[in-house]
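Read-outs throughout are calculated quantities, based only on the coordinates presented, and are distinct from any laboratory measurement. From a predicted model like this one, the values you see are computed outputs, not experimental measurements. Cβ placement follows ideal geometry from the backbone for every residue including glycine, while neighbour counts extend to all protein chains displayed.
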């Protein structure tokens, strides 16, 4: 070790920072109380599941030690996003009943991007291939994990401000998406293929659509189980599946420490865009709007973070 250089903490010391409870940290009851209140509220409203209990108990991280408290604080936007999304099942259907856009998105997509009088979704419904099913399926499984993994890498590397930027971008783009679900509720391609252009059937259940071919190839029920927990059918616009990967790519190119992730993240964007259309979950219009939302959010929050940094120096 170079003379005068500070000693690097051992792995045991780092692990101890996380594993051992703090003896000096002042405890607060607000976060645990909110978490337990969330569990109680969902139990009263109905539909309490184990994942709700897990989310509620995350509030206990605020009591354990300084590291777990910091983790809870910086990743709270991710947790809040999940709670808000789950809450849509209580009021989204009632708030959008009677004004679902079924034919409009289809006709617009066919007019702008149609091939031979059909949307690209309809072309892929006829022409599809096992290798594309696998690629699209895996891509559709990774869209949240990629974004969350990069945020965690930055956090555990000590770049807490970067992790916080990821979290704020995630929360903001989702809030914009959820608002759009109310303002312009839109049927996805699989719904039109199954039910036609008539008045929206509010009793329709979420579907894995063409992703069932992925499960069939691998003998799994991954997508069937995932969409069994979905809370919305008429939320095709925007495609948040493509929003997260684009934000991840922009942040990777903007943060020097993530230069290793730049090209993998960039290459993932066109793959997820293709997958969203190929699997019958989104029209091309939905994808473009999702990309626009991502660009607006990450551009605004990244610019704000840079201005704050410049003011602090």
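Identify which of the listed values of percent of Cα pairs over 28 Å apart was calculated from the structure shown: [x] 48; [y] 38; [z] 55.
Calculated percent of Cα pairs over 28 Å apart: the matching label is [x].
Taking other Cβ within 10 Å of each residue's Cβ, how do 24, 309 sort, fewest first? Can you show the working numbers first?
Working: 24 6, 309 10.
Going from least to most buried by this count: 24, 309.
Counting other beta carbons within 10 Å of each residue's own, what order do 39, 179, 100 fall into, fewest first? Please list the in-between numbers first.
Values: 39 17, 179 10, 100 20.
Sorted ascending by nearby Cβ count, the order is 179, 39, 100.
What whole-number distance in Å separates the alpha-carbon centres of region 198-265 and region 133-148?
With region 198-265 and region 133-148 each reduced to a Cα centre, they are spaced 7 Å.
Rg and Dmax of region 82-209, using alpha carbons, in Å: what are they?
Rg and Dmax of region 82-209, Cα atoms, are 18.3, 54 Å.
Using a simple spin-label model with points 7 Å from Cα along the Cα→Cβ vector, what separation in nm is obtained for residue 97 and residue 194?
It is 2.0 nm.
At 222 nm, what value in deg cm²/dmol follows for the chain if DSSP H runs of at least 4 each add -39500 (n - 2.57) and the sum is divided by all its residues, to the nearest 500? If you can, show how the numbers build up before the last one.
Numbers: 15 runs with 219 residues, N = 313.
Using -39500 (n - 2.57) per qualifying helix, the result is -23000 deg cm²/dmol.
How tilted is helix 284-312 with respect to the longest principal axis of the chain? Cα atoms for both, answer in degrees (0 to 90, nearest 10).
For helix 284-312, the angle is close to 20 degrees.
Can you give me the distance in nm between label points at residue 204 and residue 260, each placed 7 Å from the Cα along the Cα-to-Cβ direction?
The two pseudo-label positions are separated by 4.4 nm.
For the Cα atoms of the chain, what angle does the longest principal axis make with the long axis of helix 240-254, in degrees from 0 to 90, nearest 10?
With rounding to tens, the tilt is 40 degrees.
Over the alpha carbons of region 165-313, what is the largest minus smallest coordinate on each principal axis, giving the biggest first in Å?
58, 37, 24
Can you tell me the orientation of helix 30-45 relative to the chain, as the angle in degrees between its alpha-carbon axis and the longest Cα principal axis, to the nearest 10?
Relative to the chain, helix 30-45 is tipped by roughly 30 degrees.
For region 25-96, what is the Kirkwood hydrodynamic radius in Å, using each pair of distinct C-alpha atoms?
Details: mean 1/r = 0.0769 Å⁻¹.
Result for region 25-96 stands at 13.0 Å.
By per-residue mean of other Cβ atoms within 10 Å, what is the highest-first order of 162-170, 300-308?
Values: 162-170: 23.3, 300-308: 13.4.
In descending order of packing, they fall as 162-170, 300-308.
Averaging sequence separations of C-alpha pairs under 8 Å and six or more residues apart, then dividing by the length of the chain, give the relative contact order as a whole percent. Present the calculation step by step, with values, prior to reporting the outcome.
Numbers: 362 pairs, mean separation 64.5, N = 313.
Relative contact order, the chain: 21 percent.
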